1. Restricting attention to the range 94-105, does a residue exist that is part of a helix (DSSP H, G or I) and of a type outside the set (S, T, N, Q)?
2. Within the range 56-96, count every residue that is of a type in the set (G, A, S), within 30 Å of the chain's Cα centre (by Cα) and modelled with pLDDT of 90 or more.
3. Evaluate the following for A13: is it crowded, with 16+ Cβ neighbours inside 10 Å and on the phi < 0 side of the Ramachandran plot?
4. Go through T134, T91, T97 for me and flag whichever is under 19 Å from N27 (Cα atoms) and either β-branched (V, I, T) or touching a Ser or Thr at 6+ places or on another chain (Cβ under 6 Å) (or both).
5. Based on this model, can you work out whether L110 counts as surrounded by 11 or more Cβ atoms within 10 Å (Cβ to Cβ), touching a Ser or Thr at 6+ places or on another chain (Cβ under 7 Å), assigned to a helix (DSSP H, G or I) and in contact (Cβ under 8 Å) with a residue 24 or more places away in the chain?
Amino acid sequence: MNLISGIDITAGALNAQKTRLDVVAQNIANAHTTRTPSGGPYQRQIVSFETQMMRHNGGAGAALQSVKVGNITGDRTPGQKVYNPQHPDATGDGMVTMPNVELSYEMVDLITASRAYEANLALVKNARQMAMKTLEIGK
């Protein structure tokens, strides 16, 4: 396999994981946002990945595939209701609907995305080292 193709595939994975990290950070930042511009509490966002065809090797071998962000959707799970009559978004009975963001789930997603990003970065580093060693053979 061509090293440049491998790096192209890994670049797609790096971009997808970066988007996932950004969305997780947004979820964590809005874990206590009870009022959004659209009204109501913040809804947790979820990233979905898709396979992306890079190119076909002209019939010889399998097609090269990478990953890309398919879409970012809102999690429709209802948020927890908390009794806090002093809160500006409290209903008549003093209940406030909180965002549906669970920090423990977000931390697991954050660690998973971070590790996947690190693994893809290590792959690029190893491919670069292989290319440098290949160039040294010709000396």
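1. Yes, because at least one residue in the range 94-105 is part of a helix (DSSP H, G or I) and of a type outside the set (S, T, N, Q).
2. 3
3. On the way: crowded, with 16+ Cβ neighbours inside 10 Å: yes; on the phi < 0 side of the Ramachandran plot: yes.
Answer is yes for this residue.
4. After ruling out the rest, the residue left standing is T97.
5. For L110, the condition - surrounded by 11 or more Cβ atoms within 10 Å (Cβ to Cβ), touching a Ser or Thr at 6+ places or on another chain (Cβ under 7 Å), assigned to a helix (DSSP H, G or I) and in contact (Cβ under 8 Å) with a residue 24 or more places away in the chain - is not met.
The values are calculated or read from the model by the stated rules, or taken from the named source; none is laboratory data. The model shown is predicted, which means the values in this text are computed figures rather than measured ones. FYI the Cβ positions are ideal-geometry reconstructions off the backbone, even for glycines, and counts take in every protein chain you see.
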